[in-house]
Amino acid sequence: IWEPLSKAAGRDAFERAARGQDHDVAQRVRAIEILVERFGGLTTGTLTALTKDAAPEVRARTAWSVGRTKTATEIPKLISTLVADTDPFVGRVACEALVGKPGEINDATMATALAKRLGSTTRFDRIAAARLIPQLSKETFRTLAVKAVKAAKLGWSAGVSNAFGFLGREPGFN
């Protein structure tokens, strides 16, 4: 019953709802879901705005939308912002959104963001980041490895998570 109504309301109504601070967070999250399911995803302007939203649930659903509608190579700088988010849930969802997406990730900012996730105090963050490592280009992986080693403040968990991700890059381990 909601599908014909969503089509009648149109993309613009849901874009406004997703961006609108006058709606509660649950309504904004649902607007993002409808934009993905019914209208093919968020426009670049809305996507950019929502990555900076105050509500972590909105940023997380924005990351999810990227995983549903874009390839890993389309907007690496935008998704790396979400991978590096200060909220662990947002960072984890951003990593999960990219896992298994077609295309190699070749972006130094992604290496920096993943290094942060690999050093997270939350094990789910570390696992989600490690699962992305096999998709990195050789150059981006080298940058990540250097950042993980040099950033001793990230701790041993970052090194172990990086090693776990490295195994997925090797034939026979994945």
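The values are calculated or read from the model by the stated rules, or taken from the named source; none is laboratory data. Computed from a predicted model, the values in this text were never measured in an experiment. Please note: Cβ atoms are built from the backbone with ideal geometry, for glycine as well, and neighbour counts cover all protein chains shown. All accessible areas refer to the heavy atoms of the entire protein, side chains included, with ligands and DNA or RNA removed. Shrake-Rupley method; radii C 1.70, N 1.55, O 1.52, S 1.80 Å.
Details
- The range 11-55: number of residues that are open to solvent by less than 20 Å² (accessible area, probe 1.4 Å), of a type outside the set (S, T, N, Q) and not in a helix (DSSP H, G or I): 5
- First in the range 51-68 and closer than 12 Å to residue 80 by Cα, second anywhere and in a loop (DSSP other than H, G, I, E, B), Cβ under 7 Å, 6 or more apart: 66/75
- Residues of the range 77-86 include none that is open to solvent by 10 Å² or more (accessible area, probe 1.4 Å), out of contact with any Ser or Thr (no Cβ under 8 Å at 6 or more places or on another chain), at pLDDT 85 or above and assigned to a helix (DSSP H, G or I).
- Taken over the range 105-134, the criterion of being β-branched (Val, Ile, Thr) and either in contact with a Lys or Arg (Cβ under 9 Å, 6 or more places away or on another chain) or closer than 9 Å to residue 92 by Cβ (or both) is satisfied by 109, 112, 122, 127, 133.
- Boolean, residue 173 is touching a helix residue (DSSP H, G or I) at 6+ places or on another chain (Cβ under 9 Å), over 22 Å from residue 52 (Cβ atoms) and at pLDDT below 85: yes
- For the range 109-130, the set of residues classified as of a type in the set (A, V, I, L, M) and open to solvent by less than 60 Å² (accessible area, probe 1.4 Å) consists of 110, 111, 113, 114, 115, 118, 128, 129, 130, listed by residue number.
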